[in-house]
Amino acid sequence: MLISSDESDANRRAETADLRATMGARIERLLNASGENGTAIERLNLYRCTGYDPANATIYEPSLAVIVRGRKRAMVGDETHFYDASRFLLTAVDMPTISCVLDARLDEPFLSIMLKLDLEAARDLIADIDLAAIDTAGAGTAMATGPATLELLDAVNRLIGLLETPHDIAILGRIIEREILYRLLTGPTGARLRQTVSLGTQANRAARVIAWLRENYVSPVRVETLADVAAMGVSTLHHHFRALTGMSPLQYQKHLRLHEARRVMLSESIDAGSAALRVGYESSTQFSREYRRLFGAPPKRDVAALRAETREFVTTA
């Protein structure tokens, strides 16, 4: 009996909904607390949120984020990405990101996974199946959303399932992670990942600068030094770096500094002046001005509001 395309689509939607339900039940069983939780699979983190989630400034490493329930917003530079259970978020290089959960309730928690990507494995896979020959023109920035297909969700579900059979992780974990990489590399957002991990590409050279800035963001930087790191001309570096991140190299460094300053003020309870000096600012006035421009409030007020919001969330969750 032939199945019509409408029936086939309906069957796939039903299978996808069943997979999400299975994944959600597994995550709920595995998690002991809300927040981000590491797992026995080295690169896999699970996340659960039951209420208000203050905007979180962090560095997204190369990763796949899949929402099982709820919605989320991720802002990088001037770009804002919204994604939910129907779409994943792919990050191909380290990106200073401000993220926020949009839908979470005590009776229906936000649930998601984040899998940090093994870039060496991605590079090997590109060579194995000759993906380097596929055109990456117009690939766009290194963060993007894509459709959470049945095939991708099935692989992610099986990876989460290994947490229930820990003795299988050492062997099957690598196999399933490779399958997930294959789905990403050959999917509609795959060009973003291919262009950054393939040695010799302009995007890969720009990615070298990102890695260098992560290590040296506190120090004053000359664009000529960054061009030497990338083995590019200054104007060529600017063009490809902005295409990859949506920012210039110096704007990227500024975002790294401000994200780190916010983190240490929250986690170590130090004042704004001390945080500014720690991340490389010589002028506290300039630091406060740029901090307010990025986060919407001066450092002291922003951190106080985040602490109050967090206390309120903890007492009501």
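Checking L244 against (1) of a type outside the set (V, I, T); (2) under 19 Å from the mean Cα position of the chain (by Cα); (3) at pLDDT 95 or above: exactly one of these is not met. Which one?
The one condition L244 does not meet is (3).
Could you count how many residues in segment 277-302 are among the hydrophobic types (A, V, I, L, M, F, W, C) and more than 23 Å from the chain's Cα centre (by Cα)?
The qualifying residues number 3.
Looking at segment 58-74, can you tell me whether even one residue there is open to solvent by 50 Å² or more (accessible area, probe 1.4 Å), under 17 Å from the mean Cα position of the chain (by Cα), under 30 Å from T245 (Cα atoms) and free of Cβ contacts under 8 Å to residues at least 40 places away in the same chain?
There is at least one residue in segment 58-74 that is open to solvent by 50 Å² or more (accessible area, probe 1.4 Å), under 17 Å from the mean Cα position of the chain (by Cα), under 30 Å from T245 (Cα atoms) and free of Cβ contacts under 8 Å to residues at least 40 places away in the same chain.
Yes or no: segment 248-265 includes at least one residue that is of a type in the set (K, R), within 24 Å of R307 (Cα to Cα) and at pLDDT below 95. Steps first, please.
Within segment 248-265, the subset of a type in the set (K, R) is 254, 257, 262-263.
In the following step, the residues that additionally are within 24 Å of R307 (Cα to Cα) were identified as 254, 257, 262-263.
Add one more test, that the residue is at pLDDT below 95, and what stays is 262-263.
Yes: one or more hits.
Taking only pairs six or more apart or across chains, which ones have beta-carbon atoms under 8 Å, a first residue in segment 10-22 that is at negative phi, and a second residue that is loosely packed, with under 12 Cβ neighbours inside 10 Å?
Every condition considered, the pairs that remain are N11/I3.
Take P96 and decide whether it is open to solvent by less than 60 Å² (accessible area, probe 1.4 Å) and not hydrophobic (A, V, I, L, M, F, W, C).
Considered against the rule, which asks whether it is open to solvent by less than 60 Å² (accessible area, probe 1.4 Å) and not hydrophobic (A, V, I, L, M, F, W, C), P96 comes out as yes.
Restricting the search to segment 32-55, which residues are under 20 Å from G173 (Cα atoms) and part of a loop (DSSP other than H, G, I, E, B)?
Once the filter is applied, which keeps residues that are under 20 Å from G173 (Cα atoms) and part of a loop (DSSP other than H, G, I, E, B), segment 32-55 yields T39, A40, I41, E42, R43.
Suppose the filter is closer than 17 Å to A142 by Cα and part of a helix (DSSP H, G or I); does A207 pass it?
yes
Of the residues N11, N45, which single one is at pLDDT 95 or above, out of contact with any Pro (no Cβ under 7 Å at 6 or more places or on another chain) and surrounded by 12 or more Cβ atoms within 10 Å (Cβ to Cβ)?
Numbers: N11 fails: at pLDDT 95 or above.
So the residue among N11, N45 that is at pLDDT 95 or above, out of contact with any Pro (no Cβ under 7 Å at 6 or more places or on another chain) and surrounded by 12 or more Cβ atoms within 10 Å (Cβ to Cβ) is N45.
Can you name the condition, by its number, that D103 falls short on among (1) outside any loop (DSSP other than H, G, I, E, B); (2) over 30 Å from N204 (Cβ atoms)?
Of the numbered conditions (1) outside any loop (DSSP other than H, G, I, E, B); (2) over 30 Å from N204 (Cβ atoms), the odd one out for D103 is (1).
For G173, all conditions in the list (1) open to solvent by 10 Å² or more (accessible area, probe 1.4 Å); (2) touching a helix residue (DSSP H, G or I) at 6+ places or on another chain (Cβ under 9 Å) hold save one; what is the number of the exception?
Going through (1) open to solvent by 10 Å² or more (accessible area, probe 1.4 Å); (2) touching a helix residue (DSSP H, G or I) at 6+ places or on another chain (Cβ under 9 Å) one by one, G173 breaks only (1).
Output the residues belonging to segment 210-227 that are assigned to a helix (DSSP H, G or I) and among the hydroxyl-bearing types (S, T, Y).
Taking segment 210-227 first, the residues assigned to a helix (DSSP H, G or I) are 210-216, 223-227.
Passing the criteria: only T225.
I'd like the residue in segment 228-253 that is in contact (Cβ under 8 Å) with a residue 40 or more places away in the chain and in a loop (DSSP other than H, G, I, E, B) and, out of all such residues, is nearest to E215 (Cα to Cα).
Among them, the one singled out is M247.
Test Y291 against the criterion of being under 27 Å from C49 (Cβ atoms), open to solvent by less than 10 Å² (accessible area, probe 1.4 Å) and of a type in the set (S, T, Y), and give yes or no.
yes
In segment 195-204, how many residues are part of a helix (DSSP H, G or I) and either in contact with a Cys (Cβ under 7 Å, 6 or more places away or on another chain) or open to solvent by 20 Å² or more (accessible area, probe 1.4 Å) (or both)?
Adding up the residues that qualify gives 2.
Residues of segment 254-286 being touching a Gly at 6+ places or on another chain (Cβ under 8 Å) and either closer than 16 Å to W212 by Cα or surrounded by 22 or more Cβ atoms within 10 Å (Cβ to Cβ) (or both), which ones?
Taking segment 254-286 first, the residues touching a Gly at 6+ places or on another chain (Cβ under 8 Å) are 255, 257, 284.
Of everything in segment 254-286, those that are touching a Gly at 6+ places or on another chain (Cβ under 8 Å) and either closer than 16 Å to W212 by Cα or surrounded by 22 or more Cβ atoms within 10 Å (Cβ to Cβ) (or both) turn out to be H255, R257.
The values are calculated or read from the model by the stated rules, or taken from the named source; none is laboratory data. Given the structure is predicted, the values throughout are model-derived calculations rather than measurements. Cβ: placed from backbone, ideal geometry, glycine included. Neighbour counts: every protein chain shown. When the accessible area is computed, the model is the full protein with side chains, heavy atoms only, and any ligands, DNA or RNA have been set aside. Shrake-Rupley method; radii C 1.70, N 1.55, O 1.52, S 1.80 Å.
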